[in-house]
Every structure is written in structure tokens, then in C-alpha cells.
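The values are calculated or read from the model by the stated rules, or taken from the named source; none is laboratory data. Computed from a predicted structure; not experimentally measured. Cβ placement follows ideal geometry from the backbone for every residue including glycine, while neighbour counts extend to all protein chains displayed.
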Amino acid sequence: MANKIIIGVWKDRLTVNESAKLARFLGERFKGAKWPFLGGIAPAPITITKVLNRLKGSPVQVINQDVHWPASSGSYIGSTSIAMLKELKIKVTMIGHSERRRFFGETNDDIRRKLLGCLDNGIYPILCIGDSETDERVRNEVLTEQLRNVIGQNLTPIIDMSNIVIAYEPVWAISTWRDKRPLPTGQEVGEMLDNVRSLVHKVTNQEPSKCPILFGGSVSPANAYDYFTKANVDGALVGGASLEGESMAAIFEAGLSAWKK
Ligand code: PGA
């Protein structure tokens with residue numbers, strides 16, 4: 001797995017044709033480019049085959065937004081199966097996004113099953129965790145609870161953290177639920193991810209450097225470079241700012257400037 005990652009998450013905000021058009025823009029803009037990071041977009045499932053087609057010849061990868069856990073397809077109406085991802089050679093999927101937790105009632109148990117299903121099948125999961133807390137102690141309890149029940153060292157099988165990506169998305173910073181708190185500076189994001197890194201270490205007892213840790217929550221062309229140049233920030237999940245071509249391109253370019261070899 002790459003150690004720097006930028007993903008634009010389109011959720012269900014674009015129609016099929018809008019997704020194809022935006023993918024064509026990004027595919028043409030970055031045709032033939034080589035990136036020192038994994039750059040991708042996570043479109044709605046029904047748009048994926050069209051989007052894949054428009055991105056051919058560019059480094060922009062297709063990432064899946066969410067997956068159901070059984071390795072075989074079957075009786076899970078409305079789901080995207082792991083078998084479908086394998087067929088399309090999609091290697092990475094998000095799981096546990098706060099909108100899945102809140103609007104679809106997903107529990108840490110569900111998310112752990114998804115994580116294990118991915119790992120058993122060679123798919124890299126991006127595990128999203130998040131909180132709304134202002135108090136640091138409570139925040140750490142909430143995050144520890146999410147981590148412990150999905151990747152904790154007391155669970156079997158023990159998970160090899162080098163096959164996982166963590167995305168820390170403070171719920172209050174995500175545009176869906178933005179509150180009045182100012183967006184964090186690069187330094188604050190670096191500190192938050194440093195804290196997440198040590199929580200991951202505590203619950204897994206594995207080298208914290210093994211897994212990339214991304215930030216999510218109103219990342220935009222205005223703050224991306226500041227975030228990406230901080231030592232503990234391995235990249236971002238980008239929602240709203242990924243819905244417009246120039247804006248998403250500028251965020252990929254911020255990654256290029258921050259991480260050029
Ligand atoms: P946002 O969304 O960038 O619009 O805040 C991020 C996310 O939901 O992952």
C-alpha cells in the first residue's frame with residue numbers, strides 16, 4: 001500500500017453523467033502522469049464502470065466507498081460485494097464512514113466484519129473513525145472504542161496493520177455536519193493524527209508507522225498543502241471539494257508539491 005494517499009469521495013452527490021464528465025476531466029488532466037502517492041476518487045457504485053473507463057491512462061485510481069462483508073455474492077440486496085471489486089480490480093475500499101455509521105446504523109461489529117472480509121480477499125480497507133467531542137479525554141475514549149472493536153489486539157484474528165489505512169474524520173469538520181468550530185490548521189491536524197497514531201499503537205500494539213493515517217473534514221485547495229506538509233499527515237479524504245474538477249486537481253497537485261521525490 002502507498003504511504004501517501006489522497007481520495008476524493010463523491011458520495012451520491014453526482015449523477016452518472018456528471019460522474020463520467022468529472023472523471024473525463026481528471027483523466028485528461030493527468031494523462032500519463034506519475035504520482036509519488038496513491039490518488040483516487042471514490043464514485044457512487046452505479047457509476048464505477050463508466051468512471052473507470054474515463055480514467056484510463058491516468059494515475060487516478062477508483063476506490064470503493066463501502067462494501068458488504070461476505071466474500072461470495074448472494075442475498076444482500078443493494079450491496080456492493082467484494083467479488084465485484086475483485087472483478088473490476090479495485091484494490092481499496094472505504095469502510096465505517098461516519099455517514100454509514102449514523103444514517104445506516106452501522107456498528108463497530110459490522111465494520112470489523114467488512115474489514116476482515118477485505119483482508120481475506122486482498123482488498124485494502126480504509127477504516128474511517130471520528131468523533132464530535134470537544135473534551136480531549138472523551139474524544140480519546142470514543143476513538144479508542146471504535147479502534148478497539150474493529151482492530152483491537154484482543155480480537156482474533158490479529159490484524160496486520162500494514163494492510164490497513166486509517167482515516168480520522170472529526171465529525172464536526174465534515175461539511176455534512178460542520179459546526180462553528182474553526183477548521184484546524186496544518187499544525188493542529190498534525191497533532192490530531194499524531195494522537196490517533198498513538199491510540200492505534202495502544203489498541204493494536206503494532207508499530208504505529210505501519211499504517212498511513214489520513215485526515216478528512218473540509219479539506220480544500222486552501223488548506224491541502226498546509227496539511228500535506230506536516231510530518232504526521234499521510235493524506236486526505238476529500239468530500240465537497242472533490243466535486244469540481246479544478247478544485248480536485250489542485251488538491252492532487254498539492255500532494256505532488258508536498259511529496260515530490
Ligand atoms: P468534506 O467531506 O470534505 O465535504 O467535509 C469529507 C468526508 O465526508 O469524508
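Output the number of residues of the stretch 96-120 satisfying the condition of being among the basic types (Lys, Arg) and away from the ligand (no atom under 16 Å from the Cβ).
Within the stretch 96-120, the first condition is being among the basic types (Lys, Arg), and the residues that meet it are 100-102, 112-114.
So of that shortlist, the ones also away from the ligand (no atom under 16 Å from the Cβ) come out as 112-114.
Of the residues in the stretch 96-120, 3 are among the basic types (Lys, Arg) and away from the ligand (no atom under 16 Å from the Cβ).
Any chance the stretch 22-33 includes a residue that's closer than 16 Å to residue 244 by Cα and either among the polar types (S, T, N, Q) or within 16 Å of the ligand (Cβ to nearest atom) (or both)?
yes
Give all pairs with beta carbons closer than 8 Å in which a residue from the stretch 84-99 that is within 16 Å of residue 169 (Cβ to Cβ) meets a residue that is buried (at least 21 other Cβ atoms within 10 Å of the Cβ) and acidic (Asp, Glu); count only pairs at least 6 apart in sequence or on separate chains.
Between residues of the stretch 84-99 that are within 16 Å of residue 169 (Cβ to Cβ) and residues that are buried (at least 21 other Cβ atoms within 10 Å of the Cβ) and acidic (Asp, Glu), the close pairs are 97/169; 98/169.
Does residue 144 satisfy the criteria of being within 18 Å of residue 204 (Cα to Cα) and of a type in the set (Ser, Thr, Tyr)?
Here the answer is yes, as residue 144 does meet what is asked.
Mind checking whether some residue in the stretch 57-74 is modelled with pLDDT under 95 and either over 19 Å from residue 117 (Cα atoms) or of a type in the set (Ser, Thr, Tyr) (or both)?
Yes, there is a match, as at least one residue in the stretch 57-74 is modelled with pLDDT under 95 and either over 19 Å from residue 117 (Cα atoms) or of a type in the set (Ser, Thr, Tyr) (or both).
Being more than 16 Å from the ligand (Cβ to nearest atom), in contact (Cβ under 8 Å) with a residue 40 or more places away in the chain and either of a type in the set (Lys, Arg) or closer than 20 Å to residue 65 by Cα (or both) is the filter here; which residues of the stretch 138-148 pass it?
Those that are more than 16 Å from the ligand (Cβ to nearest atom), in contact (Cβ under 8 Å) with a residue 40 or more places away in the chain and either of a type in the set (Lys, Arg) or closer than 20 Å to residue 65 by Cα (or both): 147, 148.
List every residue pair whose Cβ atoms lie under 8 Å apart, where the two residues are 6 or more positions apart in sequence or sit on different chains, the first residue falls within the stretch 211-227 and is over 14 Å from residue 190 (Cα atoms), and the second residue, located anywhere, is of a type in the set (Phe, Trp, Tyr) and more than 8 Å from the ligand (Cβ to nearest atom).
Within 8 Å, no pair qualifies.
Go through 123, 151, 129, 159 for me and flag whichever is touching a helix residue (DSSP H, G or I) at 6+ places or on another chain (Cβ under 8 Å), aliphatic (A, V, I, L, M) and within 16 Å of the ligand (Cβ to nearest atom).
Going through 123, 151, 129, 159 in turn, just one is touching a helix residue (DSSP H, G or I) at 6+ places or on another chain (Cβ under 8 Å), aliphatic (A, V, I, L, M) and within 16 Å of the ligand (Cβ to nearest atom): 129.
Go through the stretch 197-217 and give me each residue that's away from the ligand (no atom under 15 Å from the Cβ) and aliphatic (A, V, I, L, M).
199, 200, 203, listed by residue number.
Would you be able to say whether some residue in the stretch 134-147 is in contact with a helix residue (DSSP H, G or I) (Cβ under 8 Å, 6 or more places away or on another chain), modelled with pLDDT under 95, part of a helix (DSSP H, G or I) and under 23 Å from residue 92 (Cβ atoms)?
Scanning the stretch 134-147 turns up no residue that is in contact with a helix residue (DSSP H, G or I) (Cβ under 8 Å, 6 or more places away or on another chain), modelled with pLDDT under 95, part of a helix (DSSP H, G or I) and under 23 Å from residue 92 (Cβ atoms).
From the set of residues in the stretch 162-172 that are closer than 21 Å to residue 4 by Cα and under 15 Å from the mean Cα position of the chain (by Cα), which is nearest to the ligand (Cβ to nearest atom)? Walk me through it before giving the result.
Step one: filter the stretch 162-172 for residues closer than 21 Å to residue 4 by Cα, giving 162-170.
Then drop every residue that is not under 15 Å from the mean Cα position of the chain (by Cα), which leaves 163-170.
Values: 163: 21, 164: 17, 165: 13, 166: 13, 167: 7, 168: 11, 169: 5, 170: 10 Å.
By that ranking, first place goes to 169.
When the stretch 207-261 is examined, which residues are found to be in contact with a helix residue (DSSP H, G or I) (Cβ under 6 Å, 6 or more places away or on another chain), modelled with pLDDT under 95 and not small (Gly, Ala, Ser)?
208, 210, 211, 232
Please find, among 260, 180, 230, the residue that is farther than 16 Å from residue 96 by Cβ, more than 11 Å from the ligand (Cβ to nearest atom) and surrounded by 15 or more Cβ atoms within 10 Å (Cβ to Cβ).
Checking each option against the conditions leaves just 230.
Please work out if residue 175 is within 16 Å of the ligand (Cβ to nearest atom), loosely packed, with under 15 Cβ neighbours inside 10 Å and under 22 Å from residue 228 (Cβ atoms).
Yes: the conditions hold for residue 175.
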